[in-house]
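Okay, structure first, notes after.
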Amino acid sequence: VAKDQGKRTYRVFSPDMNKKVAEYMWLDTNLPRALEDNQLTLHYQPKLCLASGAVLGVEALLRWNSPERGLVSPLDFIPYAEESGMIGPLGRWVMQTAAAQARRWSEHGLDIRVAINVSARQLADTAIVHDLAGALETAGLHPCLLDLELTESCLIEDEDMARGLITQFRTMGAQVHLDDFGTGYSSLSQIARIPLDMIKLDRSFVRGINTNAKSQALVRSMVAVAQALNFAVIAEGVETAAEEEFLRKIGIDHVQGFHYAKPMTADAFEAWMAEKEKLRLIA
Ligand code: C2E
Ligand code: MG
Ligand code: MG
Ligand code: MG
């Protein structure tokens, strides 16, 4: 492409590409180190039942505490991890850590489902079933306490393979949830062919839902489709009481978002649960 601009402006990389290359080189050295030096951690964000307020489970969200950069968002390193193949070891670490945490909670009488995010690249490797079974067994966790959040991109690359893997996960006892629903390129007929437990409405549809008539119509029809297919529905990114009110009106089952709690460390989550229980007893 650069060549088309003529001899005088011949460039191999644009400045933007140079920046991306430099960033990938930095990650190439530092991400493997992060894994070895225990710089990775999981934060947990509660998912609640809208009708009862009960906590159904948590979503485990990856965080990187970099000595050089501080807290790095998964959005800044997951794409690289997917392209480079680092998502393999990273994903296994997430499975093992989340399973161990759920087991510790269950030993302390807190039977809480833990959801982990799985990217398309991880599903392309069929060893994932084996890895997952290994993580559960090592932790001593019953698979029915584990949820897997897959995005639509997991379904479109190789639908038959995705359906096969999802069936295996569900046979093991784990639940499979479709993350960021509405943002990908999967078709409704495709989703109807996949055995899912829950659809997770992307937060871009939830933002301002109480005031935007177009979003309301969209969300209403998405919920209707999901319910017609017998999938439970959770809304992510709920930030206000007004958004919650609208979601309640249209019959959404579950909610997650800053309005209830931000992602927190395991310790902070336990304290949050204890506080919630205290308030419940007083009421
Ligand atoms: P996601 O799976 O859709 O996770 C939800 C994201 O929305 C999280 O961002 C969460 O902190 C944020 N969020 C939750 N409630 C609210 C809210 O009310 N308002 C706003 N503005 N944001 C909210 P986070 O933790 O930065 O994660 C971003 C994405 O990175 C995740 O999106 C997921 O796709 C990916 N990711 C995170 N952890 C992992 C992991 O362990 N493995 C893989 N493969 N991907 C991960
Ligand atoms: Mg997710
Ligand atoms: Mg999501
Ligand atoms: Mg999302």
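Things worth noting here:
- Average Cα contact separation per residue, the chain, under 8 Å, 6 or more apart, as relative contact order %: 16 percent
- Only helical runs count toward this figure. For the chain, summing -39,500 (n - 2.57) over DSSP H runs of n ≥ 4 and dividing by all residues gives -15000 deg cm²/dmol at 222 nm.
- For q = 0.23, 0.26 Å⁻¹, Debye-computed log10 I/I(0) when each Cα of region 47-98 counts as one equal scatterer: -0.91, -1.03
- 19 Å cut-off, amide nitrogen to a point 7 angstrom out along His142 Cα→Cβ, residues in region 173-189: 173-176
- Residue with peak Gaussian network fluctuation, the chain [Cα springs, cutoff 10 Å], from Val21, Val238, Val118: Val21
- Cut-off under 5 Å, modelled amide H: who pairs with Ser66 long-range: Leu71, Val72
- Spin-label model distance (nm) - Leu71 vs Trp26, 7 Å beyond Cα toward Cβ: 1.9 nm
- Principal axis dimensions, largest first and in whole angstrom, of the chain by Cα: 74, 46, 37
- Three-way shape label, region 20-116, alpha-carbon gyration tensor, a/c 1.5: prolate
- The C-alpha atoms of the chain define a longest principal axis, and helix 87-107 lies at about 20 degrees to it.
- Residue-span extension gain [Ser52 to Ser187] - 0.36 nm each, minus C-alpha spacing: 45.3 nm
- Förster radius 35 Å - calculated FRET efficiency between Ile250 and Asp16, Cβ distance, rounded to 0.05: 0.25
- Rounded tilt (10° steps) of 127-139 against the dominant C-alpha axis of the chain: 50 degrees
- Choice from Glu59, Glu68, Glu243 with maximal GNM fluctuation in the chain (Cα, 10 Å cutoff): Glu68
- Among residues other than Val238 with Cβ under 11 Å from its Cβ, the summed charge is -1 (Lys and Arg +1, Asp and Glu -1).
- Separation between Cα centres of region 233-258 and region 113-179, rounded to whole Å: 26 Å
- FRET efficiency, 1/(1 + (r/R0)^6) with R0 30 Å, evaluated for Lys262 and Ile282 via beta carbons: 0.80
- Proxy reagent accessibility, fewest Cβ within 10 Å first, across Asp28, Asp147: Asp28, Asp147
- Pairs from the list Lys47/Lys249; Lys214/Lys276; Lys20/Lys47; Lys20/Lys262; Lys47/Lys276 with a Cα-Cα gap above 25 Å: Lys214/Lys276; Lys20/Lys47; Lys20/Lys262.
Values in this text are rule-based calculations from the coordinates and carry no lab data. Quantities reported herein were computed from a predicted structural model and do not represent experimental measurements. Neighbour counts run over all protein chains shown; Cβ positions are idealised from the backbone, glycine included.
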